[in-house]
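All remarks here apply to the structure that follows.
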Amino acid sequence: MKNVKLKSSPGSAKPRAATAARRTTRQRSVYSKAEVEEIFRRFSVQRPEPKGELEHVNAFTLLVAVALSAQATDAGVNKATRPLFAVADTPQKMLALGEGKLRDYIKTIGLYRNKAKNVIALSEKLIADFGGEVPRTREELMVLPGVGRKTANVVLQMAFGQRTIAVDTHLFRIANRIRLAPGKTPDEVEANLMRVIPEKYLYHAHHWLILHGRYVCKARRPECERCIIADICKSPEKSCDIPAPLVELPPQVIPVAG
Ligand code: SF4
C-alpha cells in the first residue's frame, strides 16, 4: 500500500466543499455492528489499558513530543526528549533554553530546525494566550504553531481523557485496508471511525489500532497469522483466516532507538 501524505483539511473550507466532504464521509464500513463490536472486544481483551509510546511527564511535554514525532519514530523522539524534558518541561523553561540549544537536543529528529522553531513559538503562545497551560479544546490547540488536527486529537485523548481518534499513518492504512472505516483523507477516516466504533471502545480505539498497525497489520505485509481478528477481517490482502490466540499483552511496547 502506498504511503499517504496525511494532512488535515483546512478549517476554512467553503460551504460547497464542506458539503462534499460530508457526503464523502458516508463511505460504508463493510462490517456489521456485531462484527465491529467483536473486533474491539478482542482488542480490549488483548490490551485492557493500552498506552501510547511517546514519553512525557505532563500535557506540555506530551504536546511537544507529538509535535516532534511527525515523520519520525517514537523511539527516535523518546531518545531525544528524555534529556530535553529533564531540563525543559514547561513553556517557560523551554523559552529559557532557547531555540539554539533546543536544536542541539533534537537534531537527531527529522525536520528538527523547523520543529525547534515551532516548539519555541508554541511555548511563547501558551504563555501569552493561555497562561502557560495547554488548552483543552481542539480549536485552541490548533492555533498553536505546528499543531494540526492529529496532534490536537492525541493531546485531547492522552492528556485530557477525551474520546478522540487521531488518524495517523497506521489508522489511515488499517481503516482502508480492512474497510472498517474507508476514507480518502484522514478527516474522512476520523469521521467514519467515530461513527462505527461503539462508544464504550472509543477512548482506547486510537491506541489499539496504532499498536495493531505497528506490530501486526504492518504496512508492507500484514502478519495475518498473528492477528486476533483474522476470522472477521474482510481485507483483500488477508492471508490467513484463523485468528491468533486471544491473550493479554502489555499495554505498550517500549521501542528502542538504534
Ligand atoms: S487479518 Fe491481516 S489484513 Fe486483516 S487485520 Fe489482521 S493482519 Fe490486517
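The values are calculated or read from the model by the stated rules, or taken from the named source; none is laboratory data. Quick caveat: nothing in here was measured; it's all calculated off a predicted structure. Backbone-built Cβ (ideal geometry, glycine too); neighbour counts: all protein chains shown.
Applying the selection to the range 32-66, what residues are out of contact with any helix residue (DSSP H, G or I) (no Cβ under 6 Å at 6 or more places or on another chain) and of a type in the set (Gly, Ala, Ser)? Across the range 32-66, the qualifying residues are 32, 34, 44.
Going by what's in this entry, would residue 224 be described as surrounded by 13 or more Cβ atoms within 10 Å (Cβ to Cβ), over 19 Å from the mean Cα position of the chain (by Cα) and farther than 15 Å from residue 164 by Cβ? If you could, list the steps in order and put the result at the bottom.
On the way: surrounded by 13 or more Cβ atoms within 10 Å (Cβ to Cβ): yes; over 19 Å from the mean Cα position of the chain (by Cα): yes; farther than 15 Å from residue 164 by Cβ: yes.
Taking the combined requirement at face value, the residue satisfies it.
Inspection of the range 157-176 finds no residue satisfying the criterion of being among the acidic types (Asp, Glu) and either surrounded by fewer than 18 Cβ atoms within 10 Å (Cβ to Cβ) or at pLDDT 95 or above (or both). Here residue 252 meets the list (1) out of contact with any Pro (no Cβ under 8 Å at 6 or more places or on another chain); (2) more than 8 Å from the ligand (Cβ to nearest atom) almost entirely, failing just condition (1). Mind listing whichever residues of the range 197-229 are more than 15 Å from the ligand (Cβ to nearest atom) and in a helix (DSSP H, G or I)? Within the range 197-229, 199, 200, 201, 202, 203, 204, 206, 207 qualify.
Does the range 179-191 hold any residues that are buried (at least 24 other Cβ atoms within 10 Å of the Cβ) and in contact (Cβ under 8 Å) with a residue 60 or more places away in the chain, and which are they?
Here is the first cut: in the range 179-191, the residues buried (at least 24 other Cβ atoms within 10 Å of the Cβ) are 180-181, 186, 189-190.
Within the range 179-191, 180, 181, 186 qualify.
When the range 125-141 is filtered for residues that are crowded, with 16+ Cβ neighbours inside 10 Å and more than 22 Å from residue 92 (Cβ to Cβ), only 138 remains.
Of all the criteria given as (1) closer than 27 Å to residue 235 by Cβ; (2) modelled with pLDDT under 95; (3) assigned to a loop (DSSP other than H, G, I, E, B), the one not satisfied by residue 30 is (2). Of everything in the range 59-116 that's under 22 Å from the mean Cα position of the chain (by Cα) and among the acidic types (Asp, Glu), which residue is modelled with the highest pLDDT? The residue in question is 89. Counting just the residues of the range 139-191 that are within 16 Å of the ligand (Cβ to nearest atom) and β-branched (Val, Ile, Thr), which one comes out farthest from residue 63 (Cα to Cα)? Among them, the one singled out is 178. Of all residues assigned to the range 212-220, at least one qualifies as being in contact (Cβ under 8 Å) with a residue 60 or more places away in the chain, crowded, with 17+ Cβ neighbours inside 10 Å and under 16 Å from the mean Cα position of the chain (by Cα).
Do we have residue 232 as near the ligand (Cβ under 9 Å from one of its atoms) and touching a Leu at 6+ places or on another chain (Cβ under 7 Å) here?
Values: near the ligand (Cβ under 9 Å from one of its atoms): yes; touching a Leu at 6+ places or on another chain (Cβ under 7 Å): no.
It is false that residue 232 is near the ligand (Cβ under 9 Å from one of its atoms) and touching a Leu at 6+ places or on another chain (Cβ under 7 Å).
Listed by first and then second residue, the pairs linking a residue in the range 234-250 that is at pLDDT below 95 to a residue that is more than 8 Å from the ligand (Cβ to nearest atom), with Cβ atoms under 8 Å apart and 6 or more places separating them unless they lie on different chains, are 247/46; 248/45; 248/46; 248/47; 248/48; 249/46; 249/47; 250/47.
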